[in-house]
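Data block below; observations after.
The values are calculated or read from the model by the stated rules, or taken from the named source; none is laboratory data. Quick caveat: nothing in here was measured; it's all calculated off a predicted structure. FYI the Cβ positions are ideal-geometry reconstructions off the backbone, even for glycines, and counts take in every protein chain you see.
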Amino acid sequence: MTLEIGQLAPDFMLKNQFGEEVVLSQFRGDKVVVLIFYPMAFTNICTEELCTIRDNKEHFVTDDVQVLGISCDSSAALHAFAEKENLNFPILSDFWPHGEISQKYGAFFEARGFSLRGTFIIDKEGILRWSVVNAPGDARNHADYTEALAAIL
């Protein structure tokens with residue numbers, strides 16, 4: 001599936017690293033949401049990317065912005081990963097039905113069964129305003145989505 005800029009972002013409900021339900025539409029009217037799809041917890045590039053967000057929280061963990069990390073790992077694995085790396089934002093499990101939300105966003109690598117490196121910025125009305133999807137081995141450029149987010153705020 002290919003999402004178009006300007007369309008309503010597909011809603012979803014996933015469990016976070018604590019087993020709590022997080023619904024995308026709960027942020028409508030309140031926060032800009034940055035979805036960060038990533039292949040696998042505990043891998044080098046994924047850890048580096050998510051720790052970069054953690055270390056630059058002034059851009060991502062604010063009254064106006066909510067970052068949500070999403071992978072096809074289990075909630076238990078994500079709990080251990082978030083705890084080990086001291087991640088200060090929700091990490092959501094797209095484990096079952098396997099990769100369903102990653103597929104809705106065009107960020108699922110079918111051949112390997114995990115998420116691609118997709119970043120999606122959704123405005124307060126729930127409209128997709130910016131996105132990029134990279135191959136599993138291609139790290140994101142942090143400056144690109146930081147600039148895109150700043151332009152929306």
The residue that is surrounded by the fewest Cβ atoms within 10 Å (Cβ to Cβ), considering only those in segment 37-61 that are more than 14 Å from Arg140 (Cβ to Cβ) and of a type in the set (D, E, K, R), is Glu58
Exactly one of Phe37, Phe60 is in contact with a helix residue (DSSP H, G or I) (Cβ under 9 Å, 6 or more places away or on another chain), under 27 Å from Ile127 (Cβ atoms) and modelled with pLDDT under 95, and that residue is Phe60
message: Ser115 - would you say it is buried (at least 17 other Cβ atoms within 10 Å of the Cβ), within 13 Å of the chain's Cα centre (by Cα), of a type in the set (Ser, Thr, Tyr) and farther than 15 Å from Asn16 by Cα?
response: yes
In segment 121-141, anything out of contact with any Lys or Arg (no Cβ under 9 Å at 6 or more places or on another chain) and buried (at least 16 other Cβ atoms within 10 Å of the Cβ) is listed as Leu128, Arg129, Trp130, Ser131
Output for Cβ contacts, cut-off 9 Å, separation at least six or different chains, first residue at negative phi and exposed (fewer than 13 other Cβ atoms within 10 Å of the Cβ) in segment 1-28, second part of a helix (DSSP H, G or I) and modelled with pLDDT under 95, reads Phe18/Ser75
Scanning segment 23-39 residue by residue, those over 12 Å from the mean Cα position of the chain (by Cα) and not in a helix (DSSP H, G or I) turn out to be Val23, Arg28, Gly29, Asp30, Lys31, Val32
